[in-house]
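Q: Mind looking over this structure? Questions follow.
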């Protein structure tokens with residue numbers, strides 16, 4: 001493996017891939033390698049985070065990410081508190097900072113936050129001593145998703161270096177695409193964004209990726225094909241004529257997948273819109289690693305909680 | 001042999017390669033006499049792992065049957081990392097691999113040095129998360145004393161009389177490039 005892992009995470013938070021070094025990413029991936037084993041034990045729980053409290057602050061709908069974090073926290077024996085926007089005082093007009101300050105009175109060690117505003121976790125991290133973990137902020141980043149995606153690729157290909165990764169779909173509104181582009185660039189993979197021109201991000205060149213407005217040429221020789229969901233809730237107006245037309249031009253069908261490398265794997269961060277961005281035959285096919293992504297997500301989140309639990313890394317533990 | 005001894009630390013060799021071979025052979029005899037060859041050996045990272053592998057090979061030679069061999073990382077069970085501790089670097093996780101179910105097996109935990117007993121406490125807690133062995137025993141190459149918990153070894157290669165500040169170094173060719181046991185002493189330590 002080309003990248004040497006760091007000895008520790010340097011910050012108290014994980015708010016974005018853009019703030020992690022390649023060595024820190026490698027450390028998280030290698031720590032998750034070992035934590036994957038906890039899920040295969042008769043007792044799927046270790047006492048490591050006894051006495052730690054985690055607040056899961058989900059201000060935007062989420063099922064799998066919230067469950068994944070909660071399973072990770074419980075497998076490490078942390079105490080968990082769940083706040084979601086629909087059932088809390090947020091709906092009564094409280095600001096994020098007032099909510100967070102009130103939560104701090106309960107002395108949590110970690111706050112896992114999902115928020116519709118890009119940058120909300122970063123601002124929270126500046127004013128709150130707890131470790132902040134970004135579970136998705138607006139259209140900015142979704143770092144744990146990119147890490148679990150990288151982990152899944154690494155299981156199949158050993159190294160990320162030189163991998164050709166196609167990311168197709170609603171790129172402009174996708175924090176998953178952004179975090180993946182940051183991560184894959186740092187780890188030496190080649191990223192190709194595919195979307196209708198209206199859904200390509202303006203800053204694609206800054207992210208170090210190549211862009212395509214058609215799926216077929218991008219798929220040539222691809223090792224990984226990652227399909228993204230069309231995010232209807234983030235479209236200010238429809239950026240393409242119809243779902244039907246989107247499927248015709250941009251969906252991953254068995255015929256299109258055949259253009260990629262023979263060993264290529266198919267990924268999707270979920271939830272999938274079958275028949276929109278991905279054909280059911282591909283989603284359930286032999287090349288799909290979509291369910292492995294879900295399993296791996298728990299190990300990645302455990303790894304981040306474990307590594308951040310040490311606090312700042314200035315004083316290495318003795319013995 | 002003592003190439004890495006600095007001006008501050010004096011290294012005193014207490015076992016050489018041949019001495020280590022003899023010590024391990026004696027440990028094997030004790031294990032086989034007590035439990036026969038039907039045992040599971042679980043080496044604790046880092047140097048319990050090569051020791052367990054050597055014990056397993058030797059037991060296979062003596063008892064004529066395959067010995068189940070595993071390795072255990074105790075980092076997730078440590079008692080010195082937690083929210084009450086000042087900031088620290090989390091221990092690097094290593095692989096835990098058990099060769100099969102441990103229920104009703106006689107499991108030997110294997111480590112190079114028995115000191116405070118805290119590693120063994122963590123290993124015992126870890127082991128019960130995998131099942132309920134018939135018995136758990138402890139085999140160590142060196143018992144250097146200074147226990148902080150009520151833990152004792154069943155099979156001991158060598159008892160070393162040490163002070164708490166002395167440093168016992170066990171080296172295995174597989175990990176360190178050479179075999180042997182040394183005691184490291186601070187220069188002004190009286191000795």
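Q: Scan (1) surrounded by 17 or more Cβ atoms within 10 Å (Cβ to Cβ); (2) closer than 25 Å to residue B:85 by Cα for the single condition residue A:50 breaks and write down its number.
A: Every listed condition holds for residue A:50 apart from (1).
Q: Of all residues in region B:126-143, count the ones that are outside any strand (DSSP E or B) and under 16 Å from the mean Cα position of the chain (by Cα). Don't jump to the end; show me each part of the working.
A: Looking only at region B:126-143, we keep the residues that are outside any strand (DSSP E or B), and these are B:126-134.
If we keep only those that are under 16 Å from the mean Cα position of the chain (by Cα) too, we end up with B:126-127.
Qualifying residue count, region B:126-143: 2.
Q: Out of region A:170-196, which residues are more than 24 Å from residue A:15 (Cβ to Cβ) and either in a strand (DSSP E or B) or touching a strand residue (DSSP E or B) at 6+ places or on another chain (Cβ under 6 Å) (or both)?
A: If the condition is that a residue be more than 24 Å from residue A:15 (Cβ to Cβ) and either in a strand (DSSP E or B) or touching a strand residue (DSSP E or B) at 6+ places or on another chain (Cβ under 6 Å) (or both), then A:190, A:192, A:194 are the ones that fit.
Q: Here's a check for you: in region A:12-59, which residue that is free of Cβ contacts under 8 Å to residues at least 24 places away in the same chain and more than 12 Å from every other protein chain (Cβ to nearest Cβ) is farthest from residue A:143 (Cα to Cα)?
A: Filtering region A:12-59 for residues that are free of Cβ contacts under 8 Å to residues at least 24 places away in the same chain and more than 12 Å from every other protein chain (Cβ to nearest Cβ), the one farthest from residue A:143 (Cα to Cα) comes out as A:23.
Q: In this structure, is residue B:119 under 23 Å from residue A:307 (Cα atoms) and part of a helix (DSSP H, G or I)?
A: Yes; evaluated as a whole, the condition is true for this residue.
Q: Another question, then. Report the residue count in region A:9-47 for those that are touching a strand residue (DSSP E or B) at 6+ places or on another chain (Cβ under 9 Å), surrounded by fewer than 20 Cβ atoms within 10 Å (Cβ to Cβ) and not in a helix (DSSP H, G or I).
A: The total comes to 2.
Q: Using the structure shown, decide if residue B:137 is within 14 Å of chain A (Cβ to nearest Cβ), within 18 Å of residue B:35 (Cβ to Cβ), surrounded by fewer than 19 Cβ atoms within 10 Å (Cβ to Cβ) and at pLDDT 95 or above.
A: Judged against the criteria, residue B:137 is not a match.
Q: Scan region B:47-80 residue by residue and report those that are modelled with pLDDT under 95 and assigned to a loop (DSSP other than H, G, I, E, B).
A: If the condition is that a residue be modelled with pLDDT under 95 and assigned to a loop (DSSP other than H, G, I, E, B), then B:64, B:65, B:66, B:78, B:79, B:80 are the ones that fit.
Q: Right, another one. What residue, of A:200, A:257, A:232, is modelled with pLDDT under 95 and touching a strand residue (DSSP E or B) at 6+ places or on another chain (Cβ under 9 Å)?
A: Testing whether each residue is modelled with pLDDT under 95 and touching a strand residue (DSSP E or B) at 6+ places or on another chain (Cβ under 9 Å) leaves just A:200.
Q: Does residue A:75 count as free of Cβ contacts under 8 Å to residues at least 40 places away in the same chain and either under 16 Å from the mean Cα position of the chain (by Cα) or on the phi < 0 side of the Ramachandran plot (or both)? It would help to see each step written out before you state the result.
A: Values: free of Cβ contacts under 8 Å to residues at least 40 places away in the same chain: no; either under 16 Å from the mean Cα position of the chain (by Cα) or on the phi < 0 side of the Ramachandran plot (or both): yes.
So residue A:75 fails the test.
Q: Please go through (1) within 12 Å of chain A (Cβ to nearest Cβ); (2) within 17 Å of the chain's Cα centre (by Cα); (3) surrounded by 20 or more Cβ atoms within 10 Å (Cβ to Cβ) for residue B:44 and return the number of the only condition it doesn't satisfy.
A: Result: residue B:44 fails condition (1) only.
Q: Quick check on region B:63-89: of everything there that is away from chain A (no Cβ under 14 Å) and surrounded by 16 or more Cβ atoms within 10 Å (Cβ to Cβ), which residue is farthest from residue B:120 (Cα to Cα)?
A: Restricting to residues being away from chain A (no Cβ under 14 Å) and surrounded by 16 or more Cβ atoms within 10 Å (Cβ to Cβ), the top hit is B:63.
Q: Further, regarding this structure: So how many residues does region B:90-110 have that are more than 9 Å from every other protein chain (Cβ to nearest Cβ), in contact with a helix residue (DSSP H, G or I) (Cβ under 6 Å, 6 or more places away or on another chain) and surrounded by fewer than 21 Cβ atoms within 10 Å (Cβ to Cβ)?
A: 1
The values are calculated or read from the model by the stated rules, or taken from the named source; none is laboratory data. Quick caveat, the model's predicted, so the values are computed rather than measured. So basically every Cβ, Gly included, is an ideal-geometry build from the backbone, and we count neighbours across all protein chains shown.
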